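See structure below.
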Amino acid sequence: MKKNRFDFLDSTQKLDKEQIRKSLTYWQDVWRRLRKNKLSILGLIGVVVVLLFATVGQLINPHGYDVQNRDFKNVPPSFEIYKIDDDMYVYLTEMYLLILVNEDGKLLDKFDSSHLDGDPITKIYNYRLLNEADEEIALVEIDFSYSTDPLKADENILYSINYKGIEYKETYDKVWNKSFLLGTDTVGRDLLSRVMYGTGISLTIAFVAAFINFFVGVLYGSFAGFFGGRTDNIMMRIVDIINSIPLLLYVILLMVVIKDSSFEAYVLDPIFGAGGLGTIIVALISVYWVGMARLVRGQVLSLKEQEYVLAARTIGVSNFKIVTKHLIPNALGPIIVTMTMMIPAAVFTEAFLSFIGLGISAPRSSLGTLTSAGAEIMQTYAYQLLVPAFVIAFMMLSFNFLGDGLRDALDPRLRKG
Amino acid sequence: MNNNMLEIKNLETSFFTHLGEVKAVRNISYDLKKGGILGVVGESGSGKSVTLLSVMRLIEEPGKIKNGEIFFDGVDLTKISDSEIQDIRGSEISMIFQDPMTSINPVFTIQNQMVEVIRRHMRISKELAIEEANDINNINKREKVLEDIEKGLRRKLNKQEALKRAIDYLGLVGIPEPEIRIKQYPHQFSGGMRQRVLIAMALSCEPKLLIADEPTTALDVTIQAQILDLLKKIQKELGTSIVFITHDLGVIAELCENVVVMYGGMVMEKGTVNEIFYSPQHPYTQGLHQSIPKNITGKKERLIPIEGSPPDLMDPPKGCPFSPRCKHAMQICIEEAAPLTKITESQYSACWLQDKNAPNVEGFTKSGGVK
Amino acid sequence: MYSYIGKKIISSLITLLIVITVVFFMLRAIPGGPFTREKPLPEATRERLEEAYGLNEPIIMQYFIYLGNLAQGDLGPSFNQPAYTVNELLIEGIPQTAKIGGLAVIFIISLGIPLGVISALKSNTSIDYGVMIIATLGITVPSFVIGTLFILAARDISWMPVGGLDTPVAFIGPVVALSGYSLSFVARLTRSSMLEVLRQDYIRTARANGISEFKVIFKHALKNSLIPVTTYIGPMIAALMTGSFVIEKIFVINGIGKYFTESVQAQDYTLVIGVTIFYAAFYIFMVFLVDILYSVIDPRIKMEG
């Protein structure tokens, strides 16, 4: 036995000289790396959720984004109700409108208080529930003296509700708004519908702008980078001049120039619909392509010197083929990452423009106009700010995580790890 | 009295990556005489650099010295504190690296970086210190200073002294007009000149040991020869012991007295330069010889590459790391790593063919020098 | 060195002239003038006004007249607030904007860089994760959201004013909201660049030469890792400048940003052009300074131009 150990091995007995790993294509490898990065998968899921929210969400939601429910203005997502009779529940809004609701929080009807019949001394006001023929079917009196009368101050309530001679001081329950899940805005439009619609508009602006930027930037950049020399010099000088003041300034100026012009009226609105959607897109793409152009040019310049391009040239491959078959696919990684980052940047810019009063006009909404409108009344109706602000933040976060993950996954320098 | 500058004993260094432990150095022992030049050869991933980075205690996370002792001038470097090893680095042991283009900080002048190192370690000479002390008028104070000097406490060099020393060393390594060049930034130097700067920086505090990690690999052949000549001159004139890491046997032949051959994180063979070159006893060393071009005899010779590729250190072969590529592989080779077997007074080889039970193969000597 | 600076100055001036020209003609391309808005003015009044403001001249003449006045530092009268000149409005607005902008820059540099360094040195610990989560939020949550949420939160805090800049405390909201993005960006950039630099060979050389860990990090690594941070300063100024548009609106600050947004909506030509020129000139000047700073930090940048 001991002797056998010193027998020579024949070639079949030898260990594998090389362990061959399964080889992956570039995109398989990218996907494998992306999957390993938990944050970027979260980002990807977030992006999908936002896309579904804006598309499928709008189809499922029963309310139209532009339908004004004048009876139910500024109703929040949750509110406190009083039980004043069997099967009779009411909710007094921040605007002192009395709304008839059911126990679950479904909004049923609005009490009429238009005649303002009440006593300014005792501070008792009448709210009447009318049927279709304008006949009174119920009368509710609300006693607001609790908020002003010092003798009643220790009750620590603002008002009490009186119905059929009984005074109700305590709320019955806090319920979720079942008619409008996220409440309504100042003219009674369903906020959820508006946010879904606004997300869609914001995404439309972002995607259209990002894609056009992509084409313009790639074309311009690869042209400049590939031809180099004087062409490159002049083309990049133009980019430099555009870049020499903050891009947002141009966007704002362009918005001012295009808004209400005949260009908007006869060209943009027929394509993108009314409300200035086209104007924002045009303003965004007139300026933001320069970033992409710079990036592509840099990539092309460095790739141009690579041996395989030289090899392709020596065997007489045409310029067009070199650009499309060799340069663009190899520069694709950073381009995709920039695209991913361009989408949240465009959403952000759109919101920013809305915030300074250059957004798209009602009844259409975008996340920016919604946030901006919500900010005006946030002291009273914070939910109208928080909901669109949350969606913007969620969207930005998702796209950024995805973009970060893609950058790591696509970066060829890290591919060996 | 120990005559060794450096003694590495049973060193094991591993990197604990998230994929598992990479055993970069597996139980390595070798040593270097005072004033000697030792060559360490091996291909990339053989553990030759990691061994010496372990000596410098420059192994970074997630790497760790798992086991073993490293005696430098009698002190075990694995046992001392971080601040003690920092004091030794650059002053007693210096290291120069493979790529001079990236090894000097690009945003500081050469002067800034050299003066920093010199002022970090160097103290003025004893003679100068005594001279300065004698200028002190206050007797008590003078006595105290002289006492300190006897205890080895001397002041550090001031900026002018450090600058002068830096210029001297730039001159020593052959940089023309050192007093002008020292004010420049690294990017104003060529690769060869930068390596000279790094050598000057490494030598500027008179280290006893210089570790050179492939210092010529990134350089042109003519520059390589100049750097090698410079290292030889330094060893002769300053008496610095040198460990020279390389994958180039030609460089070893030109420079070194003793050679260690490493493979797969282990020592395969060690001996004097003559033994390794004219009577290699390990199949890997022999393979290395056949794979490098030489034109000694003038005859046409076919180069024979070593087939296969180096072992995966995450999951190294159980036995001899070279066994999968070895043309003399035996059953035992894949089961158990061979011990270093003494062949002559200075030559050791880790191959089972040296075992007394092994079959006789031409070109291999059994242990104890029995042919 | 000097010829480099000279060349830079000349190219900056040319760029500025192009910007002025483009902005001037762009605004003149707007259909209708400042006096043809919702409520049409009587024909005679309009003509008189247009004459007073030189709008009856051919457009090319208007351009040269404007350039001539500009060369003397005169930006003309405001169309919508005829009692003021654009210069007066700028002088009134600039200090407010400069205060929050300047504080924001100090805040960003003095907090962003240390946070990035700490994050890099403690990489993959809970400190690092904490800093990076906050930094990611800072980059992704828009400044106007931060600003409005701040006001929403501050309404219940009695000592926290929600508008104006009358007390030192009042600066907290605008400065935090304005610097949120850039601060997070600087922290992230410093971290990644520090991690990159710490892997470099020259750091190993410094360690091999016995340089203390403190000096390795704060001398050798920091200066190198600040190079990419310096390149970000240009875009950062742009972000702060345009960011102040909304911040000033949210926090009711009478700064230059507020004038800009108001004038844009009111089509106040001279004010829009005036503010844009001011912004462009300031920005170009800052980028010029950053270029110089950059070449001081990184000796490899050629100054020969």
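The values are calculated or read from the model by the stated rules, or taken from the named source; none is laboratory data. The model shown is predicted, which means the values in this text are computed figures rather than measured ones. Heads up, the Cβs are rebuilt from the backbone with ideal geometry, glycines too, and the neighbour counts pull from every protein chain shown. With ligands, DNA and RNA removed, areas are computed over all heavy atoms of the protein, side chains included. Shrake-Rupley method; radii C 1.70, N 1.55, O 1.52, S 1.80 Å.
Brief remarks on what is shown
- Residue among A:ILE271, A:ILE280 that alone is under 23 Å from the mean Cα position of the chain (by Cα) and over 27 Å from C:VAL246 (Cα atoms): A:ILE271
- When we screen B:ALA218, B:ALA202, B:ALA212 for residues that are assigned to a helix (DSSP H, G or I), small (Gly, Ala, Ser) and within 24 Å of B:ILE182 (Cα to Cα), the only hit is B:ALA202.
- Scanning segment B:60-87 for residues that are open to solvent by less than 40 Å² (accessible area, probe 1.4 Å), over 12 Å from B:LEU11 (Cβ atoms) and over 15 Å from the mean Cα position of the chain (by Cα) yields B:GLY63, B:ILE80, B:ILE85, B:GLN86.
- Failed item, numbered, when A:ALA283 is tested on (1) crowded, with 19+ Cβ neighbours inside 10 Å; (2) small (Gly, Ala, Ser); (3) assigned to a helix (DSSP H, G or I); (4) modelled with pLDDT under 85: (4)
- Those residues of segment C:105-130 which are open to solvent by 70 Å² or more (accessible area, probe 1.4 Å), more than 22 Å from C:PRO168 (Cα to Cα) and either in contact with a Ser or Thr (Cβ under 8 Å, 6 or more places away or on another chain) or free of Cβ contacts under 8 Å to residues at least 40 places away in the same chain (or both), in sequence order: C:ILE118, C:LYS122, C:ASN124, C:SER126, C:ILE127, C:TYR129
- Picking from residues in segment C:160-180 that are in contact with a helix residue (DSSP H, G or I) (Cβ under 7 Å, 6 or more places away or on another chain) and not in a helix (DSSP H, G or I), the one that is nearest to the other protein chains (Cβ to nearest Cβ) is C:VAL162.
- Checking each residue in segment C:246-305 for being on the phi > 0 side of the Ramachandran plot and within 14 Å of chain A (Cβ to nearest Cβ) picks out C:VAL252, C:GLN267.
- Positions within segment A:355-379 being at pLDDT below 85 and either within 12 Å of another protein chain (Cβ to nearest Cβ) or in a helix (DSSP H, G or I) (or both), in sequence order: A:PHE355, A:ILE356, A:GLY357, A:LEU358, A:GLY359, A:ALA375, A:GLU376, A:ILE377, A:MET378, A:GLN379
- Helices (runs of 4 or more DSSP H) enclosed by segment C:61-159 - at least 3 residues per element that are within 23 Å of C:SER263 (Cβ to Cβ) and touching a helix residue (DSSP H, G or I) at 6+ places or on another chain (Cβ under 7 Å): C:86-107, C:143-154
This table checks each residue for (1) among the β-branched types (Val, Ile, Thr); (2) open to solvent by 70 Å² or more (accessible area, probe 1.4 Å); (3) on the phi > 0 side of the Ramachandran plot.
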{"site": "B:GLY239", "(1), (2), (3)": "no, no, yes"}
{"site": "B:CYS256", "(1), (2), (3)": "no, no, no"}
{"site": "B:GLY265", "(1), (2), (3)": "no, no, yes"}
{"site": "B:PRO293", "(1), (2), (3)": "no, yes, no"}
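- Take the conditions (1) over 30 Å from B:VAL22 (Cβ atoms); (2) within 11 Å of another protein chain (Cβ to nearest Cβ); B:LEU303 misses just one of them, which is (2).
- Residue count, segment B:318-348 (criterion: in contact with a Ser or Thr (Cβ under 6 Å, 6 or more places away or on another chain) and in contact (Cβ under 8 Å) with a residue 12 or more places away in the chain): 5
- Scope segment A:382-400; condition of a type outside the set (A, V, I, L, M), open to solvent by 20 Å² or more (accessible area, probe 1.4 Å) and more than 8 Å from chain C (Cβ to nearest Cβ); matching residues: A:TYR383, A:PHE390, A:PHE394
- From B:VAL117, B:VAL107, residue being closer than 15 Å to B:ARG194 by Cβ, within 11 Å of another protein chain (Cβ to nearest Cβ), over 16 Å from the mean Cα position of the chain (by Cα) and open to solvent by less than 10 Å² (accessible area, probe 1.4 Å): B:VAL107
- B:ILE223 vs. criteria part of a helix (DSSP H, G or I), open to solvent by less than 10 Å² (accessible area, probe 1.4 Å) and free of Cβ contacts under 8 Å to residues at least 60 places away in the same chain: no
- Checking each residue in segment B:162-193 for being surrounded by fewer than 17 Cβ atoms within 10 Å (Cβ to Cβ) and either more than 14 Å from every other protein chain (Cβ to nearest Cβ) or touching a Phe, Trp or Tyr at 6+ places or on another chain (Cβ under 7 Å) (or both) picks out B:LYS164, B:ASP168, B:GLY171, B:PRO176, B:GLU177, B:GLU179, B:ILE180, B:SER190.
- Residues that are among the polar types (S, T, N, Q), more than 18 Å from B:ILE182 (Cα to Cα) and either in a helix (DSSP H, G or I) or in contact with a Lys or Arg (Cβ under 8 Å, 6 or more places away or on another chain) (or both), drawn from segment B:127-167: B:ASN134, B:ASN140
- Of the listed requirements (1) away from chain B (no Cβ under 14 Å); (2) open to solvent by 40 Å² or more (accessible area, probe 1.4 Å); (3) farther than 30 Å from C:PHE79 by Cα, C:ILE233 misses just one: (2).
- Matching residues in segment A:147-172 - criterion: being open to solvent by 70 Å² or more (accessible area, probe 1.4 Å) and in a strand (DSSP E or B): A:ILE166, A:GLU167
- Test: A:ILE234 is in the same structural domain as A:THR199 (by TED's automatic domain parsing) and touching a residue at least 12 places away in the same chain (Cβ under 8 Å): no
- When each of B:LEU228, B:LEU210 is tested for being under 14 Å from B:GLY39 (Cα atoms), within 14 Å of chain C (Cβ to nearest Cβ) and not acidic (Asp, Glu), the lone residue that passes is B:LEU210.
- Test result for C:GLY102, touching a residue at least 12 places away in the same chain (Cβ under 8 Å), surrounded by fewer than 14 Cβ atoms within 10 Å (Cβ to Cβ) and out of contact with any His (no Cβ under 8 Å at 6 or more places or on another chain): no
Okay, residues lined up against (1) closer than 30 Å to A:TRP289 by Cα; (2) at pLDDT 80 or above; (3) small (Gly, Ala, Ser):
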{"residue": "A:GLU136", "(1), (2), (3)": "no, no, no"}
{"residue": "A:TYR168", "(1), (2), (3)": "no, no, no"}
{"residue": "A:VAL175", "(1), (2), (3)": "no, yes, no"}
{"residue": "A:ARG189", "(1), (2), (3)": "no, yes, no"}
{"residue": "A:VAL208", "(1), (2), (3)": "yes, yes, no"}
{"residue": "A:VAL216", "(1), (2), (3)": "yes, yes, no"}
{"residue": "A:PHE227", "(1), (2), (3)": "yes, yes, no"}
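- Given (1) within 32 Å of the chain's Cα centre (by Cα); (2) open to solvent by less than 80 Å² (accessible area, probe 1.4 Å), number of the condition A:LYS123 does not satisfy: (1)
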